[in-house]
Amino acid sequence: MSVISTAEPFALAAPPSGRLVTTVDELVVRAPVTRIFDIAAAVEHWPAYLAHYRYVRFREQRRDGGGIVEMAANRPFGVFNWPTWWLSEMAVNRDVPWVRFRHIGGVTTRMDVEWSFTPVDGGTLTRIVHVWDGPNWPLIGPFAATQVIAPVFVHGIASRTLAGLAKVAESGA
């Protein structure tokens, strides 16, 4: 259940450099910045647009449109789906614009994410950057992060999310 608040937005900085994993997904969306930004920032509507999202729930909302958000998506593998889940702090900046997340629950705890939107000829360069040092798993954490979690799950879900939201923005819906 979402509790709307007048609380200050989370002060989430841009993803830092020098992390073990950096995953970048980007696409020129044939739509104005405001359209793709508004669709990306309205995370609670993502399951209506994206078949791989099981749900998105705000546990708490901040006055910028961010808050604490719980997300669950499937990573498809042919006819099978691998369920994923994470909890994030979310901040929204309409002036720049960007949407940022800091994962605070799930396997990807401590992951920083930024969606950025840059006007270019023909549309908006929409970029998702994930940075992370991996899970705190003795011995296998770095291997799991660099060889499985980031390339298979993070990129697999983010690339589908970006393509699906781009399709919505380009349709003018």
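The values are calculated or read from the model by the stated rules, or taken from the named source; none is laboratory data. Please read all numbers here as calculations on a predicted model, not as lab measurements. Here the Cβ positions follow ideal geometry from the backbone for every residue, glycine too, while neighbour counts run over all protein chains shown.
Is at least one residue of the stretch 156-166 assigned to a helix (DSSP H, G or I), farther than 24 Å from GLY18 by Cα and in contact with a His (Cβ under 7 Å, 6 or more places away or on another chain)? Write out each step before concluding.
Of the residues in the stretch 156-166, the ones assigned to a helix (DSSP H, G or I) are 156-166.
Narrowing the set further to residues that are farther than 24 Å from GLY18 by Cα leaves 160-166.
Add one more test, that the residue is in contact with a His (Cβ under 7 Å, 6 or more places away or on another chain), and what stays is 160.
Scanning the stretch 156-166 turns up at least one residue that is assigned to a helix (DSSP H, G or I), farther than 24 Å from GLY18 by Cα and in contact with a His (Cβ under 7 Å, 6 or more places away or on another chain).
Results for (1) touching a helix residue (DSSP H, G or I) at 6+ places or on another chain (Cβ under 7 Å); (2) crowded, with 16+ Cβ neighbours inside 10 Å, shown as yes or no for each residue.
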| site | (1), (2) |
| --- | --- |
| ASP25 | yes, yes |
| ARG30 | yes, no |
| VAL33 | no, yes |
| ILE36 | yes, yes |
| ALA40 | yes, yes |
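When the strands (runs of 3 or more DSSP E) confined to the stretch 1-98 are screened for residues that are in contact (Cβ under 8 Å) with a residue 60 or more places away in the chain and within 20 Å of LEU125 (Cβ to Cβ), those reaching at least 1 such residues are found at 21-29, 80-93. The set of residues in the stretch 46-65 that are over 25 Å from VAL79 (Cα atoms) and out of contact with any strand residue (DSSP E or B) (no Cβ under 8 Å at 6 or more places or on another chain) contains only ARG63.
Criterion applied to PRO119, PRO83 was being more than 15 Å from the chain's Cα centre (by Cα) and within 13 Å of PHE37 (Cα to Cα), and the one residue passing it is PRO119. Cβ-Cβ contacts under 9 Å between residues 6 or more apart (or on different chains), taken from a first residue in the stretch 151-173 that is more than 18 Å from GLU114 (Cβ to Cβ) to a second residue that is assigned to a helix (DSSP H, G or I) and among the hydroxyl-bearing types (Ser, Thr, Tyr), are listed as GLY164/TYR49; LYS167/TYR49; VAL168/TYR49; ALA173/TYR49.
Among the residues of the stretch 109-125 satisfying the criterion of being aliphatic (A, V, I, L, M) and surrounded by 22 or more Cβ atoms within 10 Å (Cβ to Cβ), which is farthest from TYR53 (Cα to Cα)?
Step one: list which residues in the stretch 109-125 are aliphatic (A, V, I, L, M), which gives 111, 113, 120, 125.
Subset that is surrounded by 22 or more Cβ atoms within 10 Å (Cβ to Cβ): 111, 113.
Values: MET111: 19, VAL113: 17 Å.
Per the stated criteria, the residue is MET111.
For the condition modelled with pLDDT of 95 or more, of a type in the set (Val, Ile, Thr) and touching a Pro at 6+ places or on another chain (Cβ under 6 Å), what is the one hit in VAL113, VAL168, VAL120, VAL129? Outline the logic, then answer.
Working: VAL113 fails: touching a Pro at 6+ places or on another chain (Cβ under 6 Å); VAL168 fails: touching a Pro at 6+ places or on another chain (Cβ under 6 Å); VAL120 fails: touching a Pro at 6+ places or on another chain (Cβ under 6 Å).
Within the list VAL113, VAL168, VAL120, VAL129, the selection yields VAL129.
For the stretch 126-155, the tally of residues that are surrounded by fewer than 21 Cβ atoms within 10 Å (Cβ to Cβ) and of a type outside the set (Lys, Arg) stands at 19. For the stretch 122-140, the candidate set comprises residues that are of a type outside the set (Val, Ile, Thr) and part of a strand (DSSP E or B); within that set, the residue that is farthest from the chain's Cα centre (by Cα) is GLY123.
Farther than 15 Å from ILE157 by Cβ, of a type in the set (Gly, Ala, Ser) and surrounded by 15 or more Cβ atoms within 10 Å (Cβ to Cβ): is that true of GLY78 in this structure? Reasoning before the result, please.
Values: farther than 15 Å from ILE157 by Cβ: yes; of a type in the set (Gly, Ala, Ser): yes; surrounded by 15 or more Cβ atoms within 10 Å (Cβ to Cβ): no.
No; evaluated as a whole, the condition is false for this residue.
Within the group ASN93, ASN74, ASN136, ASN81, which residue is within 23 Å of ALA42 (Cβ to Cβ) and at pLDDT below 95?
On the way: ASN93 fails: at pLDDT below 95; ASN136 fails: within 23 Å of ALA42 (Cβ to Cβ); ASN81 fails: within 23 Å of ALA42 (Cβ to Cβ).
On inspection, the qualifying residue turns out to be ASN74.
Residues that are modelled with pLDDT of 95 or more, in contact with a helix residue (DSSP H, G or I) (Cβ under 9 Å, 6 or more places away or on another chain) and among the charged types (D, E, K, R) do occur in the stretch 46-58.
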